[in-house]
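A short worksheet on the structure shown next.
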Amino acid sequence: MDLLEKSRNTLELPAVLEMLAGEAVSEPAKAEALALVPSVHRAEVERLLAETSDAKDMMVYKGSPSLSGLRDVRGSLARADMGGVLNTRELLEIAGVLQSARAVRSYGMSAEKETCIDHLFKMLQTNRFLEDKIVNSIPGEDEIADSASSELSDIRRKMRAAAARVRDSLQKIISAPSMAKFLQDPIITTRSDRYVVPVKAECKGSVPGLVHDVSASGATLFVEPMAAVKANNEIRELKAKEKTEIERILAELSAECAAHREDIDADFSALVRLDGIFARAKLSFAMNAIEPQIRTDGALELKRARHPLIDRQAVVPISVRLGTDFDTLIITGP
């Protein structure tokens with residue numbers, strides 16, 4: 001372990017960086033926060049401090065920018081770029097990045113004065129068309145909307161009609177007084193995606209049809225009456241078409257994401273940088289910290305400084321100076 005790393009550990013910098021990472025939203029920004037090391041270059045230090053101060057000023061007037069939808073989509077974009085088909089979660093995460101880019105750009109462009117982070121806001125691309133197309137096609141991680149395509153809407157309309165027909169035919173069966181003694185319960189249920197009725201095991205031959213399942217006790221058979229076979233077959237065929245159409249829709253959305261990969265990647269990188277900057281600003285607020293003046297002559301002056309890891313209600317502020325009218329400081333006590 002070199003002296004610089006030992007000093008960082010002695011000063012408990014990793015614990016402070018843990019606090020900083022806790023203020024970031026995205027995993028990449030958290031990782032970057034934990035990997036921060038002190039800089040010895042004045043220009044870089046002043047740039048970082050200015051970024052934090054400008055972000056704090058913006059937060060005073062407008063609060064924090066919306067970064068809640070920021071997920072690491074680089075792997076998904078790379079797979080789509082190679083022709084892979086993304087799943088609904090991956091596509092929604094890409095839409096989340098696009099939404100964040102749009103919201104954060106609007107946040108930054110509405111600033112009343114120029115800041116040193118304006119260029120990051122201006123870097124953000126917006127693609128409302130792709131964002132809306134994904135969100136409107138995929139309302140939830142386990143759902144594809146009927147409106148995703150006219151073909152899917154037509155397939156599902158036919159599925160609903162076929163399901164209504166099979167339920168009507170089965171309802172007539174379970175409602176017939178002559179069938180009551182054969183049924184375990186007068187209900188319609190499903191087995192293997194086919195509509196069936198529960199028949200008493202001892203009445204197996206009394207309800208002609210196909211047996212799809214047996215209850216754990218063996219007392220009930222789940223029978224698909226012959227009157228329901230044609231409609232059930234139609235539903236199964238339509239489900240296969242629905243699956244094919246959903247795969248086509250996901251492939252199309254994936255291809256569109258691949259076509260805009262560079263812009264989305266650039267958005268993500270800019271958002272992660274802004275996430276890190278605003279994490280520093282949020283931690284600064286939490287610590288009631290201020291931007292220090294940087295000196296290069298070796299002199300040091302801290303006024304009412306507080307240890308950032310000690311409870312603010314318990315810590316005793318201390319003022320320390322060194323290198324101005326004296327250059328030796330003896331610290332006594334435990």
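The values are calculated or read from the model by the stated rules, or taken from the named source; none is laboratory data. Everything quoted here is computed from the prediction, not taken from an experiment. A quick note on method: Cβ atoms are made from the backbone with ideal geometry, for glycine too, and the neighbour counts reach across all protein chains shown. Side chains included, ligands, DNA and RNA excluded: accessible areas come from the protein's heavy atoms. Shrake-Rupley method; radii C 1.70, N 1.55, O 1.52, S 1.80 Å.
For the range 291-334, the dipole from Cβ point charges (+1 on Lys and Arg, -1 on Asp and Glu) about the Cα centre works out to 220 debye, to the nearest 20. Remark on the range 167-208: ratio of C-alpha radius of gyration to 2.2 N^0.38 Å is 1.08.
Assuming 0.36 nm per residue, please report the length gained on full extension of the stretch Ala15 to Glu237 beyond their Cα-Cα distance. Before the final figure, lay out the partial values.
Values: separation 222, 0.36 × 222 = 79.92 nm, distance 5.96 nm.
Residue separation times 0.36 nm, minus the Cα-Cα distance, leaves 74.0 nm.
In summary, the convex hull built on the alpha carbon positions of the range 220-260 has an orientation-averaged projected area of 4.0 nm².
Taking a temperature of 10 °C and a viscosity of 1.306 mPa s, what whole-number D in µm²/s does Stokes-Einstein yield for the range 285-334 with Rh from Kirkwood over alpha carbon pairs? List each step's numbers first, then the result.
Numbers: Rh = 12.9 Å.
Translational D for this selection: 123 µm²/s.
Note on the range 107-260: Lys pairs 8 or more places apart or on different chains, Cα atoms under 19 Å apart, count 13. Distance between the C-alpha centres of the range 245-296 and the range 298-334: 37 Å, rounded to the whole angstrom. The modelled label-to-label distance between Val135 and Ser68, using points 7 Å beyond Cα along the C-beta direction, is 1.2 nm. Eigen-decomposition of the gyration tensor built on the alpha-carbon atoms of the range 18-59 gives equivalent ellipsoid semi-axes of 19, 16, 7 angstrom, largest listed first.
Only DSSP H runs of four or more residues enter the estimate; each adds -39500 (n - 2.57), and after division by the residues of the chain the mean residue ellipticity at 222 nm equals -18000 deg cm²/dmol. The residue among Ile235, Val211, Gly323 whose Cα reaches farthest toward the positive pole of the charge dipole of the chain, with charges on the beta-carbon of Lys, Arg, Asp and Glu, is Val211.
Determine the equivalent ellipsoid of the range 98-240 by diagonalising the alpha-carbon gyration tensor, then write out the semi-axes as square roots of 5 times the eigenvalues, largest first, rounded to whole Å.
Values: eigenvalues 630, 50, 24 Å².
In descending order, the three semi-axes are 56, 16, 11 Å.
Here each label is just a point 7 Å from Cα along the line to Cβ, and for Ala251 and Leu322 those points are 6.8 nm apart. Taking the centroid of alpha carbons for each part, the range 75-128 and the range 151-215 are 49 Å apart. Solvent-accessible area assigned to carbon and sulfur over the chain amounts to 53 percent, based on a 1.4 Å probe.
On average, how much accessible surface per residue is there in the range 134-217, in Å², for a 1.4 Å probe, leaving out ligands, DNA and RNA?
Working: 4850 Å² over 84 residues.
Per residue, the range 134-217 has 58 Å² of solvent-accessible surface.
Each of Val272, Phe222, Ser178 was placed along the dipole of the range 162-279 (beta-carbon charges, centred on the mean Cα), and the one lying farthest toward the positive end is Ser178.
Given the alternatives [x] 48.4, 161; [y] 32.3, 109; [z] 20.4, 62, Rg and Dmax of the Cα atoms in Å as computed for this entry is given by [y].
Spacing of the modelled spin labels on Gln313 and Ala180, each 7 Å from Cα toward Cβ, amounts to 7.2 nm. Shape analysis of the range 1-134 yields a ratio of the Cα radius of gyration to the Kirkwood radius, Rg/Rh, of 1.04. Of Ala227, Ala101, Ala163, which has the largest mean-square fluctuation in a 10 Å C-alpha GNM of the chain? Among Ala227, Ala101, Ala163, the largest mean-square fluctuation in the Gaussian network model of the chain belongs to Ala227. Computed as a quarter of the hull surface, the mean projected area of the alpha carbon convex hull for the range 126-207 stands at 7.4 nm². Think of a 1.4 Å ball rolled over the protein heavy atoms: the range 243-334 then has 66 Å² of accessible area per residue. What translational D, rounded to a whole number of µm²/s, comes out for the range 157-269 from Stokes-Einstein when the hydrodynamic radius is the Kirkwood one over Cα pairs, at 20 °C and 1.002 mPa s? Roughly 129 µm²/s, to the nearest whole number.
Computed from point charges on the beta carbon alone (+1 for Lys and Arg, -1 for Asp and Glu), the dipole magnitude for the range 104-236 about its Cα centre is near 680 Debye. Taken over the C-alpha atoms, the range 207-334 has Rg and Dmax values of 35.8, 105 angstrom.
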